[in-house]
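Worksheet: one structure, shown below.
The values are calculated or read from the model by the stated rules, or taken from the named source; none is laboratory data. The structure presented is a predicted model; accordingly, all values stated were derived computationally and were not measured. Glycine also receives a Cβ, built like all others from the backbone with ideal geometry; neighbour counts cover every protein chain displayed. For the accessible areas, the whole protein counts, side chains as well, though only heavy atoms, and no ligand, DNA or RNA atoms are used. Shrake-Rupley method; radii C 1.70, N 1.55, O 1.52, S 1.80 Å.
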Amino acid sequence: MRIRIAHKLLVVFLLVGLVPMLVGVYFLSRQLHGYQQSTMSALAHASAEEVASRLSGKLEEILGALSYAQRRLTIGDRDRAVLRWPYDQFPELLRLLVVDNDDRVVAVLQRFGYLAEGSRHVDLGHDGKAPVSFKLWNLEPQLHIQIPVIDLYSGEKTGVLHADLSLKGMFEKLTSAAADERPPYVVAEDGRVVSHADINLVLNAEDMSAQPVVRALLDGAAFAQAEYLGSDGTSVLGVGMPVPGMPLLARSEERRVGKECRS
């Protein structure tokens, strides 16, 4: 009889003491998970935002220098000297050239290759429509910039200033990180990888358009966040956003610890 009473008291003790404790542990773990989720989200968001801000800021500097030069172009012999200032100031500029309305090269400065003045300029690396467009030239990600040259007196278009901007130098600083970190990366508007710590993803122009974050951005979202498997097979929390003024998307990932990926 006493043993049965002891058993009943033990059960009551467990119900009164242990169960609430387990409930408390459960809710505490939920709170810790929520805190971890928000912290990881904030870190990934800040990383992607920094990439977008730095790329956009650099582009603004270059466009400002090109606009300054464009206002001094005359589609004549002195144009090459006008181009020298932005060309020397920004090593990211691989090529600057001025063409007339017939696409004849008036002036050119380029770090690689040769293009004769007076020759016809044909560039198949971009669509020729957007003022800033992305192109992959010989496996190197570039931005193509084109600015119309307007005569100050007549107001008529007399030619076009073309600029090829290498993104490789700009990306190298952004994708450098310690071995235990996941550095941010950049994809083009069509979802192809153009900057990543894993050079194979860049060389193969890895298509990430099926990833939930990239897919949301391609559908027009101003910001996207999702859990998925990263390129190395680990569960990650990824975020992304468009780069202002560029046909690019900034991405960042934080590794999930102790949790299976749900997508």
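Going by accessible surface with a 1.4 Å probe and the largest first, Asp77, Asp219, Asp232, Asp103 read Asp77, Asp219, Asp232, Asp103. Between Val149 and Thr158, Gly159, Val160, Leu161, the built amide H atoms are under 5 Å apart, and every one of these is 5 or more places off in sequence or on another chain.
Model label sites at Ala222 and Tyr68, defined 7 Å from Cα along the beta-carbon direction, differ in position by 3.2 nm. Calculated FRET efficiency, Ala81 to Ala130, Cβ-Cβ distance, R0 = 30 Å: about 0.55 to the nearest 0.05.
Could you pull out the trypsin sites (Lys or Arg not before Pro) across segment 45-112 that fall in loop regions by DSSP (anything but H, G, I, E, B) with no more than 15 other Cβ atoms inside 10 Å? Could the numbers behind the result be given before it?
Details: sites: Arg54, Lys58, Arg71, Arg72, Arg78, Arg80, Arg84, Arg95, Arg104, Arg111; in loops: Arg71, Arg72, Arg78, Arg111.
Loop-located and lightly packed - Arg71, Arg72, Arg78, Arg111.
Heavy atoms only, 1.4 Å probe, whole protein assembly: order Ile199, Ile145, Ile150, Ile75 by accessible area, highest first. Can you show the working numbers first?
Numbers: Ile199 95, Ile145 0, Ile150 70, Ile75 40 Å².
Output order, biggest surface exposure first: Ile199, Ile150, Ile75, Ile145.
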